[in-house]
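To start, the structure under review is shown below, and the notes come after it.
The values are calculated or read from the model by the stated rules, or taken from the named source; none is laboratory data. All of these numbers come straight from a predicted model, not from anything done at the bench. A quick note on method: Cβ atoms are made from the backbone with ideal geometry, for glycine too, and the neighbour counts reach across all protein chains shown. All accessible areas refer to the heavy atoms of the entire protein, side chains included, with ligands and DNA or RNA removed. Shrake-Rupley method; radii C 1.70, N 1.55, O 1.52, S 1.80 Å.
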Amino acid sequence: MADRKVVSSVLSDIEQLEPDEIVLLGDMVNCGGFLAQHHTLGYVSEIEEADYEHDIAEMNRVLDELQRIAPQAKIHYLEGNHEDRVERWCITQTLTHKKNAEFLRQHFSPEYLLKLKERGIPYYRRSQHYHGLPVMGVIKLDKCYFTHSNTCARHAASVMVSQLGGCVVFGNTHRIQADTIALASTGQITAWSVGCSCKLAQYWHHGSPKNHAHGAGVQVVTKGGRFMHINYPFLNGESLLPSLFGK
């Protein structure tokens, strides 16, 4: 579930930065309540708060605001494992019947409920290939890869940079992390996990700290595609990015 103060801070940063491109790394909706098998059985607080309709309404509000404050930006929406649950549910309920599954998707999936096509926002599904890449659910913008990722390993950044063999920004882990290696074929490459904007104390991790952190990433890109990536954190819901500019 989103931390509204963090989301508000992210939107404020975006308005100040006026970016050319924005990449949403997935799990932008929790899809809670809709898929009860993900719940901790009998955990009443989660059952009361989890609400798929509310998730969708909140994300529509965020997308409305995002497009208002950054009308020039091209937005990319990567499907996360949470959105993917709805996709899988549609297929399972229809016993893989293609037309029936698509009918359910049009009524229940975030891709349709968030009106991404109408908004002009491409939706990159985890089950498809993009930009001629051999790994599903990965896109490449200039010289950097972006993906939701399939790992929550303790050293996830190390896993991702080794798997993709190039610079990559990814989500999923809820942690702020980076790892750099050097390859003979490409030279120095880095993977960055940017953190999250959801509530840090999730019900399925109650009483067990997981090193989750609020954060985001920003890239300064030259016309030739060279870039500098910066991971930055949030403290008590407030962005620390302005401190880089002496504000």
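Things worth noting here:
- Antiparallel bridge percentage (DSSP; both residues within the chain; nearest 5): 65 percent
- The modelled label-to-label distance for the pair I69/T94, using points 7 Å beyond Cα in the direction of Cβ, is 3.7 nm.
- Among the listed options (i) 21.1; (ii) 18.0; (iii) 19.0, the one matching Kirkwood radius over Cα pairs in Å as calculated from these coordinates is (iii).
- Most mobile of S197, S158, S149 in a GNM of the chain (Cα contacts under 10 Å): S158
- Net +/- balance of residues flanking D84 in space, Cβ distance below 9 Å, scoring K and R +1, D and E -1: +1
- For V168, the shell of other residues with beta-carbons less than 12 Å away shows a net charge of +1, using +1 for Lys and Arg and -1 for Asp and Glu.
- With every protein chain in place, the chain: carbon and sulfur % of accessible area (1.4 Å): 53 percent
- Partner aspartates and glutamates whose Cα lies under 14 Å from the Cα of K99, excluding those fewer than 8 positions away in the same chain, are identified as E87.
- Distance between the pseudo-spin-label points of M228 and K5 (7 Å out from Cα toward the beta carbon): 3.1 nm.
- With a Förster radius of 35 Å applied to the C-beta separation of M136 and A57, the computed FRET efficiency comes to 0.75.
- Each Lys or Arg adds one and each Asp or Glu subtracts one; over the other residues with Cβ under 12 Å from the Cβ of H148, this totals -2.
- Extension gain for I22 to E118 (0.36 nm times residue separation, less C-alpha to C-alpha distance): 32.8 nm.
- Rolling a 1.4 Å probe over the protein heavy atoms gives segment 89-202 an accessible area of 54 Å² per residue.
- The distance linking segment 92-130 with segment 4-23 is 26 Å (Cα centroid to Cα centroid, whole angstrom).
- Flagged links, alpha-carbon separation over 32 Å, of K140/K199; K115/K140; K98/K143; K115/K143; K98/K140; K5/K74: K98/K143
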